[in-house]
1. Open to solvent by less than 70 Å² (accessible area, probe 1.4 Å), assigned to a helix (DSSP H, G or I) and modelled with pLDDT of 95 or more: which single residue out of LEU136, LEU169 fits that description?
2. Considering every residue within segment 5-17, establish whether at least one is of a type outside the set (Lys, Arg), at pLDDT 95 or above, touching a helix residue (DSSP H, G or I) at 6+ places or on another chain (Cβ under 7 Å) and open to solvent by 40 Å² or more (accessible area, probe 1.4 Å).
3. Among (1) under 23 Å from SER36 (Cβ atoms); (2) hydroxyl-bearing (Ser, Thr, Tyr); (3) in contact (Cβ under 8 Å) with a residue 24 or more places away in the chain, where does SER85 come up short?
4. Go through the residues of segment 74-87 one by one and say whether even a single one is surrounded by fewer than 20 Cβ atoms within 10 Å (Cβ to Cβ), of a type in the set (Gly, Ala, Ser) and farther than 20 Å from ASP55 by Cα.
5. For segment 44-66: of the residues being within 13 Å of ILE93 (Cα to Cα) and without any contact (Cβ under 8 Å) to a residue 60 or more places away in the chain, which is nearest to the chain's Cα centre (by Cα)?
6. Given the conditions (1) over 18 Å from ALA95 (Cα atoms); (2) open to solvent by less than 40 Å² (accessible area, probe 1.4 Å); (3) of a type in the set (Ser, Thr, Tyr), which single one is not true for THR155?
7. What number of residues within segment 80-103 satisfy the criterion of being within 13 Å of VAL41 (Cβ to Cβ) and of a type in the set (S, T, N, Q)?
8. Can you tell me how many residues within segment 107-130 are under 20 Å from CYS173 (Cβ atoms), open to solvent by 10 Å² or more (accessible area, probe 1.4 Å) and in contact with a helix residue (DSSP H, G or I) (Cβ under 9 Å, 6 or more places away or on another chain)?
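The values are calculated or read from the model by the stated rules, or taken from the named source; none is laboratory data. The model shown is predicted, which means the values in this text are computed figures rather than measured ones. Because the Cβ atoms are built from the backbone with ideal geometry, glycine has one as well, and the counts that use them run over all protein chains shown. Note: areas computed on protein heavy atoms with side chains; ligands, DNA, RNA excluded. Shrake-Rupley method; radii C 1.70, N 1.55, O 1.52, S 1.80 Å.
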Amino acid sequence: MAELKDILYRVPLTSTFGNMNVEVSNIAFDSRAVKSGFLFVAVKGSTSDGHAFIDKAVANGAAVIICETLPPTINEKVTYITVKSSAQSLGIIAANFFGSPSQKLKLVGVTGTNGKTTTVTLLYQLFSALGYRCGLLSTVVNKIVDKEVPATHTTPDPIQLNSLLKDMLQAGCTHVFMEVSSHAVDQERIAGLQFTGALFT
């Protein structure tokens, strides 16, 4: 659980409707994942627009809706917040919800057309061999020290990403080496993250 006002820290808001003093149980950008007390972020994707699923998110129990444009029907029991960019806001909200883990880690992002996986893997192996507890986020696999976590995307969505970074921090990691696809940059999946360093291959 988190206070709404805390997870909206640094999010540029354009308008608010409803109670701002609410607790949020979790966050989602897929209406099918929404449960009671969730905050739902309506993100415009390449194939679908989350704004079309606001009513479904409310029906599933969403307490807060983050959107760029308000839906035609407003539920008075729900808090609606409009923002300029839902995608950017999702990244910042996810970081805040999970306690801004990237600020407590040495996070290094690697981007470029080729060589991202090789570079982050070598850095992970090198720093691990030097005695550091490290995290790895790559196309092939994600690692929390020695524990492997299956990878679904080159760069996970902001919620999964910040959840993994929090797990890495709790496991005692000090350094995290992460592939950052140009697609992820364009979709603002890394919004809200604090990088110690960046490499371009």
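1. LEU169
2. For segment 5-17, residues of a type outside the set (Lys, Arg), at pLDDT 95 or above, touching a helix residue (DSSP H, G or I) at 6+ places or on another chain (Cβ under 7 Å) and open to solvent by 40 Å² or more (accessible area, probe 1.4 Å): present.
3. Just one mismatch for SER85, condition (1).
4. Scanning segment 74-87 turns up no residue that is surrounded by fewer than 20 Cβ atoms within 10 Å (Cβ to Cβ), of a type in the set (Gly, Ala, Ser) and farther than 20 Å from ASP55 by Cα.
5. The first filter runs over segment 44-66 and keeps only residues within 13 Å of ILE93 (Cα to Cα), leaving 64-66.
With the extra rule that they be without any contact (Cβ under 8 Å) to a residue 60 or more places away in the chain, the set shrinks to 65-66.
Values: ILE65: 16, ILE66: 14 Å.
Only one residue fits best here, namely ILE66.
6. Going through (1) over 18 Å from ALA95 (Cα atoms); (2) open to solvent by less than 40 Å² (accessible area, probe 1.4 Å); (3) of a type in the set (Ser, Thr, Tyr) one by one, THR155 breaks only (1).
7. Qualifying residue count for the region: 6.
8. 1
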